[in-house]
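Please read the structure below before turning to the comments.
The values are calculated or read from the model by the stated rules, or taken from the named source; none is laboratory data. These figures come from a predicted structure and were not determined experimentally. Methodologically, a virtual Cβ is constructed for each residue, glycine included, from the backbone with ideal geometry; neighbour enumeration extends over all protein chains shown. Side chains are part of the model used for accessible areas, which takes the heavy atoms of the whole protein and leaves out ligands, DNA and RNA. Shrake-Rupley method; radii C 1.70, N 1.55, O 1.52, S 1.80 Å.
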Amino acid sequence: PSNNGEYDLCVIGSGPGGYVAAIRGSQLGLKTVCIEKRGSLGGTCLNVGCIPSKAMLNNSHIYHTITHDTKHRGIEVSGAKVNLAQMMKAKDDSVKSLTSGIEFLFKKNKVDYAKGVGSFEDPNTVSVKGIQGAPDRTIKAKNFIIATGSEVKSFPGVTIDEKKIVSSTGALALPEVPKKMAVLGGGIIGLEMGSVWSRLGADVTVIEFMPSVGGVMDTDISKAFSRIIGKQGIKFKTSTKLLSAKDNGKSVEMEIEDMKKNKREKLDADVLLVAIGRAPYTEGLGLEKIGVEMDKANRVIMDSEYRTKHPHIRVIGDATFGPMLAHKAEDEGIAAVEFIAKGQGHVNYNAIPAVMYTHPEVAWVGMTEQQAKESGLKYKVGTFPFMANSRAKTNMDAEGLVKVIADAETDRLLGCHIIGPMAGELIGEATLAIEYGASAEDVARVCHAHPTLSEAVKEGMMAAWSGKSIHF
Ligand code: FAD
């Protein structure tokens, strides 16, 4: 790589949006450089997000299964205990192997990697302040993609120290299992991390401002979720707001208010996880200097081809509009470079799945029933419980259901919501169906292998299309 080289494409940020855009850009013939200031590739997702959280979720689930779910299967286990340091090492090892895997993919695809902090000098030039011994450099490019991602949203008056009052990053690296943990925010990240520490032995209380947990989840699924996860021992305080939280040296002292009962109470925990969401991150990028605009929520403003005010500077992923999900960022990365290299690209925003990796998992795609109602569409609903699915029964893991929403007149699939084992894998089928404009009948008529969990999806589709499933 030349130090002051001219590039066709310069990508700023190497999260799932940025690294995928850089690789695809190079594959499409663009001379590409990717700037990253973290010291390791992969962004939030690989370093402190999707990947480490899934490592902890999987291993804490195995521990929980061994200690709570073996006897009735005919397996007697004694002496199982958590070696947290080893569990953390296993998590760190998977992060390391995946982030270095991207470095390898950059080499393989001839993407230059500029280690450092990128900042616009003018609309055609980015300066890079080198880190870890990398030299400072100036990069000129014909096209730029801003893929700088997001950061943790803080709660006014509560200082995150990443030891006792932690963000998701601190919650992924606690040195010991807290006896008591409070989680502020019942969204995906809070519920996943709450599950991890609850399974490892913490007494977890989730404080949620809204009347239900799960954010934008379909109401039926959210209700089922609270019931199932509640049985696992996590406590929910919904319609509740946090008034204050401070570290008194020994523990975190909180005051909360139940807004339904108008009642205040004190709460005490060893660790408080603040998980109230994330905000776009563009600090130090010099956007003001080049006149690229942001909205009130700090999202970089763009058009339908991801172009900012300067058409050769595009923006993708968490830094702009839409759900803050890794696969959404990746697909935008591919579409953005296709616009640059070929003049056209495409992401179907009606077919972006969301998954919560608790146990059971929750996954959905398309419209919720509330959204279908609000949009004035005539719709029909089909449901199918995993209790009636043979594979779930043989696995002794049969809590949850599939809920299908289809257009009442045309039978077109509008949404699919699953709470149950492997929901995150099962949702792929419904996503494909929505992408292809399939009807519920189309999916119901596809031959599904027996006995598999996917038969529950087929039967949910059958219930939506014809009003009746076979096994329930
Ligand atoms: P990011 O991944 O945030 O990457 C941006 C990168 O840009 C960063 O590495 C940053 O260092 C770099 N950068 C910023 N500014 C500069 C600069 N000026 N110069 C150079 N580099 C810069 N999503 C899912 O889909 N599935 C999940 O299971 C999931 N789990 C999650 C769990 C947790 C705990 C968290 C926090 C998030 C999770 N997410 C998950 C969300 C997911 O991580 C994000 O949606 C995704 O990482 C966004 O990708 P991105 O490329 O837009 O930005």
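With 0.36 nm allotted per residue and the present C-alpha distance subtracted, the His471-Asp247 stretch has 75.3 nm of extension available. A straight line joining the Cα centroids of region 442-472 and region 160-218 runs 36 Å.
Charge dipole (Cα centre; +1 on Lys/Arg Cβ, -1 on Asp/Glu Cβ; no other charges) of region 178-238 amounts to roughly 300 debye. Taking all protein chains into account, the per residue accessible area for region 64-104 stands at 69 Å² (1.4 Å probe). Computed from the Cβ-Cβ distance with R0 of 45 Å, the FRET efficiency linking Ser390 to Gln132 stands at 0.25.
Largest first, the residues Arg307, Arg264, Arg278 sort by 1.4 Å accessible area into Arg264, Arg307, Arg278. On the chain, 53 percent of the accessible area sits on carbon and sulfur atoms, based on a 1.4 Å probe. Between region 277-295 and region 349-406, the alpha-carbon centres lie 37 Å apart.
Where in region 97-121 does the label zone of Lys142 land, with the point 7 angstrom along Cα→C-beta and an amide N cut-off under 11 Å? Those under the cut-off are none; the list is empty. Residues in region 18-31 carry Karplus couplings, in order, of x, 5, 5, 4, 5, 5, 5, x, 5, 4, 8, x, 8, 6 Hz; the curve used is 6.51 cos²θ - 1.76 cosθ + 1.60 with θ = phi - 60°, and Gly or Pro positions show x. Within the straight-line cut-off of under 17 Å between alpha carbons, the lysines reachable from Lys403 are Lys223, Lys373, Lys378, Lys380, Lys458, Lys468, sequence neighbours fewer than 8 places apart in one chain being disregarded. Heavy atoms of the protein chains alone define the surface here; on that basis region 374-470 has 45 Å² accessible area per residue at 1.4 Å probe size. Only protein heavy atoms count here; on that basis, with a 1.4 Å probe, Glu265 has an accessible area of about 70 Å². Estimated at 0.36 nm per residue, the fully extended path between Lys153 and Lys110 surpasses their Cα-Cα distance by 11.9 nm. Each residue, Leu432 and His450, gets one label point 7 Å from its Cα in the Cβ direction; the gap between the two is 2.1 nm. Over the chain, dividing the summed -39,500 (n - 2.57) contributions of all DSSP H runs of at least 4 residues by the number of residues returns a 222 nm mean residue ellipticity of -10000 deg cm²/dmol. Less than 20 Å apart at the alpha-carbon level, and either on another chain or at least 8 residues along: which lysines does that give for Lys266? Of all the lysines, those that pass the test against Lys266 - Cα under 20 Å, at least 8 places apart if same chain - are Lys164, Lys179, Lys180, Lys235, Lys237, Lys241, Lys246, Lys250. Per residue, the accessible area of region 265-327 comes to 46 Å², computed with a 1.4 Å probe over protein heavy atoms only.
Given 10 °C and 1.306 mPa s, how large is the Stokes-Einstein diffusion coefficient of region 169-313 in µm²/s, with Rh as the Kirkwood radius over Cα pairs? The estimated diffusion coefficient comes to 91 µm²/s.
When Rg and Dmax are taken over the Cα atoms of region 337-472, they come to 15.4, 51 Å. Here region 276-416 is treated as a sphere whose radius is the Kirkwood value from Cα pairs; by Stokes-Einstein at 4 °C and 1.567 mPa s it diffuses with a coefficient of 71 µm²/s.
In summary, the convex hull built on the alpha carbon positions of the chain has an orientation-averaged projected area of 24.8 nm². With all protein chains in place and ligands, DNA and RNA left out, the 1.4 Å accessible area ranks Leu28, Leu273 as Leu28, Leu273, largest first.
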